[in-house]
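Here is the structure we will look at.
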Amino acid sequence: MLKKLRGSKLFLAGAALLVVGSAPLLLYLLYEFVTGRTGGNPIGLGLLLFVSFWPAVILMGIGAFSALLRRNGGGNP
C-alpha cells in the first residue's frame with residue numbers, strides 16, 4: 001500500500017503542501033527553543049499553517065482513496 005501511496009500524485013502534492021505550510025512555523029518554534037529567545041509573534045506563520053493544513057489533508061485523503069482503488073483493481077485514475 002505504501003508503494004501505491006508514493007506513486008499517487010495527489011497524495012504527494014498534499015504531503016508537499018503540508019510540509020511547505022508547516023515548516024516555517026516549526027522552524028521558528030525550534031529557533032525559539034534552541035536560543036531561548038521569546039516574545040516573537042508568528043501570526044503570519046500560524047495563518048500559513050491554518051490555510052494550508054486542510055487542503056493538504058483533503059488532497060492526501062483523495063490520493064489515499066485513489067491508491068486504495070488502484071490496489072483493489074477498481075479503476076485507473
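Side notes on the structure shown:
- Relative intensity, log₁₀ I(q)/I(0), of the chain from a Debye sum that treats every alpha carbon as a point, q = 0.26 Å⁻¹: -1.06
- Out of every Cα-Cα pair that the range 4-48 contains, those further apart than 12 angstrom amount to 66 percent.
- R71 versus R6: modelled label distance in nm, points set 7 Å from Cα along the beta carbon direction: 1.5 nm
- Computed about its Cα centre, the charge dipole of the chain is approximately 480 debye, with only Lys, Arg, Asp and Glu carrying charge at their Cβ.
- Dipole of the chain, positive end: most advanced residue of F50, L26, A13 [Cβ charges, Cα centre]: A13
- GNM top mover of G63, G21, G36 - the chain, alpha-carbon springs below 10 Å: G36
- The angle between the Cα long axis of helix 9-35 and the main principal axis of the chain comes to about 20°, on a 0 to 90 degree scale.
- Angle in degrees between helix 43-71 and the longest Cα principal axis of the chain, rounded to the nearest 10: 20 degrees
- Subtracting the Cα-Cα distance of S22 and I43 from their residue separation scaled by 0.36 nm leaves 6.3 nm.
No lab work stands behind these numbers, since they all come straight from the coordinates. Keep in mind the model is a prediction, meaning the values are calculated, not measured. Glycine gets a Cβ as well: all are built from the backbone with ideal geometry, and neighbour counts include every protein chain shown.
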